[in-house]
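Student: Below you will find the structure I want to go over with you.
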Amino acid sequence: MKGMVTITEKYVKRVEELAESLDVDAVVITDPVNVFYFTGCFIEPHERLLALLIDVKTKDTALMYPALDQEIVNNQATVTNHLPHNDGEDPFDRLFEHLDRGQAGTIGIEGAHMIYDRYQRLLDNYTADQIHSVDKEINALRGRKDEKDREKLQEAVDITEKALADLVNGPVSGKSEKEIADFLLQKVKEYGATGVSFGPLVLAGENAALPHGRSGDTVVEPGDFLLIDFGVVTKDRYVSDMTRTFIIGEPTEEQAAIYNAVLKANKAGISQSRLGEQMNTLDKVARDEIQKDGYGEYFTHRIGHGLGIGLHEQPSLDSQNTDKLQKGHVITIEPGVYKAGFGGVRIEDMLYIDDETQVLTSFPKDIESITIEV
């Protein structure tokens, strides 16, 4: 029982921290990932309404959910009140009843998630002036991880790296992108993941120049870049995200130049990833390395992003973000060079920001290690 109390306390503490950061009377949280973050209960409601209701003053919690998910709620949710609704019922009637029908109160919603039709329903009992976005406060809270979170994220990374090692320890040339993606999916499940956090994105040859390409029937051939970007979801719903780019056979002069430019940028970004560092400086030092080597125009995205139980969380490590890295941020450093008609390289690692920054990924990335003999 002691373990259960600790788990419950974790979610109660998160609710309290959120409530203390807000200037509204109540919160309506509808994103299933955020509901999970604050309750420990994950439900995919499809078109039905899922909503966590928090009284900011009392910290009282209520979960509104489809009645067919009752068992999941019984087993997982750390909330005070259960508010199930059946198909055909209007869940908003129950929601308004629980919130005292908007009596001169203000409510917080996730502006980036609340769909228009549901916002319109809230206007039955609230004026637009009474409804405020609390995305910023939720995102800031989710952006900071603790030591337990770090351990769970390390588990996700370890599974990802084991699967990738299995792949490159066997023959790769002659396989299609899709066959490689299927192999990785099978392996991560064997190692205990529930699935992949996205992809796997496997891009061979010229396809590697597409930052968000799709794994297809292209066959890996000698002379190709092979870009593999993927991550897993663990049973505890933590995710990983890493990229390694391989060279099939002896690298050409240009392949080596592009690869080493990206590797230098990756290492510069990691070195800059220190507690209290301004986030846009990470992007700048990495970009400077790639520009010095003459490939600046081919680096077309930010240096990295936060992740945790979502693949893209705060912070955003872009050239405009002047916020500072805080203890508990988990970030990616992933510079890339994408040259249409030739191919591309991305090298991505995951980091945990602490007094001393910890690099969670350890898969080799020097050019000798990523060169695969034909």
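The values are calculated or read from the model by the stated rules, or taken from the named source; none is laboratory data. This one's a predicted model, so the numbers in the text were calculated from it and none came from an experiment. Backbone-built Cβ (ideal geometry, glycine too); neighbour counts: all protein chains shown. Remember, those area values only see protein heavy atoms, side chains included, never the ligands or the DNA or RNA. Shrake-Rupley method; radii C 1.70, N 1.55, O 1.52, S 1.80 Å.
Student: Can you list residues whose amide H is under 5 Å from His329's amide H, if they're 5+ apart or on another chain and H is modeled 1.01 Å from N?
Tutor: Here Lys145, Ile353 satisfy the definition.
Student: For Asp288, what is the net charge nearby, where nearby means another residue's Cβ is under 13 Å from its Cβ and Lys, Arg count +1, Asp, Glu -1?
Tutor: In short, +2.
Student: Roughly how many debye, to the nearest 20, is the charge dipole of the range 1-139 about its Cα centre, given +1 on each Lys and Arg Cβ, -1 on each Asp and Glu Cβ, and no other charges? Kindly include the intermediate steps, with their values, before the conclusion.
Tutor: Working: 12 positive and 25 negative charges, 88 e Å.
Its charge dipole is roughly 420 debye.
Student: Another question, then. Across the range 313-374, how large is the tail of the calculated P(r) beyond 15 Å, expressed as a percent of all Cα pairs?
Tutor: 65 percent
Student: Rounded to the nearest percent, how much of the accessible area of the chain (1.4 Å probe, protein heavy atoms only) is carbon and sulfur?
Tutor: Values: 8070 of 16940 Å².
Summing carbon and sulfur atoms, their accessible area is 48 percent of the total for the chain.
Student: Please label the shape of the range 199-328 as rounded, prolate or oblate, based on the square roots a ≥ b ≥ c of the eigenvalues of the alpha-carbon gyration tensor (a/c under 1.5 means rounded; beyond that, a/b larger than b/c means prolate, else oblate).
Tutor: In terms of gyration-tensor shape, oblate.
Student: Another question, then. Averaging over all projection directions, find the projected area of the Cα convex hull of the range 84-176 and quote it in nm² with one decimal place.
Tutor: Mean shadow area of the hull around the Cα atoms is 11.6 nm².
Student: Describe numerically, in nm with one decimal, the distance between label points set 7 Å from Cα along Cα→Cβ at Asp366 and at Tyr191.
Tutor: The answer from the label model is 2.2 nm.
Student: Taking only Cα atoms and a 10 Å spring cutoff, compute GNM fluctuations for the chain and point out the largest among Leu226, Leu18, Leu184.
Tutor: Looking only at Leu226, Leu18, Leu184, the biggest GNM fluctuation is shown by Leu18.
Student: What's the magnitude of the charge dipole for the chain around its Cα centre, counting Lys and Arg as +1 and Asp and Glu as -1 at the beta-carbon? Answer in Debye, nearest 20.
Tutor: Dipole about the Cα centre, nearest 20: 480 debye.
Student: Starting from the Kirkwood Rh over alpha-carbon pairs, what translational D in µm² s⁻¹ does the chain have by Stokes-Einstein at 4 °C and 1.567 mPa s?
Tutor: Reported coefficient: 58 µm²/s.
Student: Then there is this: Counting heavy atoms of the protein chains only and a 1.4 Å probe, report the per residue accessible area for the chain as a whole number of Å².
Tutor: 45 Å²
Student: When only C-alpha pairs under 8 Å and at least 6 residues apart count, what is the relative contact order of the range 74-166, in percent?
Tutor: On the way: 33 pairs, mean separation 22.6, N = 93.
Dividing the mean separation by the residue count of the range 74-166 yields 24 percent.
Student: What is the spin-label model distance, in nm, from Thr300 to Asp182 if the labels are put 7 Å beyond Cα along the C-beta direction?
Tutor: Roughly 3.0 nm, to one decimal.
Student: Related question: Name the long-range amide H neighbours of Thr361: under 5 Å, sequence gap of 5 or more, or other chain; modelled H, no Pro or chain starts.
Tutor: Placed amide hydrogens put Met350 under 5 Å from Thr361.
Student: Now, a different point. Using the Cα atoms of the range 163-262 to build a convex hull, what is its mean projected area in square nanometres?
Tutor: Spelled out: convex hull of the Cα atoms, projected over all directions, averaged, 6.2 nm².
Student: For the range 1-72, give the magnitude of the charge dipole about the Cα centre (Cβ charges: +1 Lys/Arg, -1 Asp/Glu; no others), in debye to the nearest 20. Don't skip to the end; give the middle numbers.
Tutor: Details: 7 positive and 13 negative charges, 57 e Å.
Its charge dipole is roughly 280 debye.
Student: Go ahead and set up a Gaussian network model of the chain, Cα springs under 10 Å, then flag whichever of Gly170, Gly192, Gly111 fluctuates most.
Tutor: Comparing Gly170, Gly192, Gly111 in the GNM, the peak value goes to Gly170.
Student: Suppose each label sits 7 Å from its Cα in the direction of the beta carbon; what would the Ala67-Lys10 distance come out to in nanometres?
Tutor: With each label placed 7 Å out from Cα toward Cβ, I get 3.3 nm.
Student: Okay, moving on. If I take the Cα coordinates of the range 142-194 and project them onto the principal axes, what are the three extents in Å, biggest first?
Tutor: Principal extents (Cα only, largest first): 43, 19, 16 Å.
Student: Give the calculated FRET efficiency between Glu47 and Phe342 to the nearest 0.05, with a Förster radius of 51 Å applied to their Cβ-Cβ distance.
Tutor: E between Glu47 and Phe342, to the nearest 0.05, is 0.70.
Student: Can you tell me the relative contact order of the chain? Whole percent, Cα pairs under 8 Å, sequence separation 6 or more.
Tutor: 14 percent
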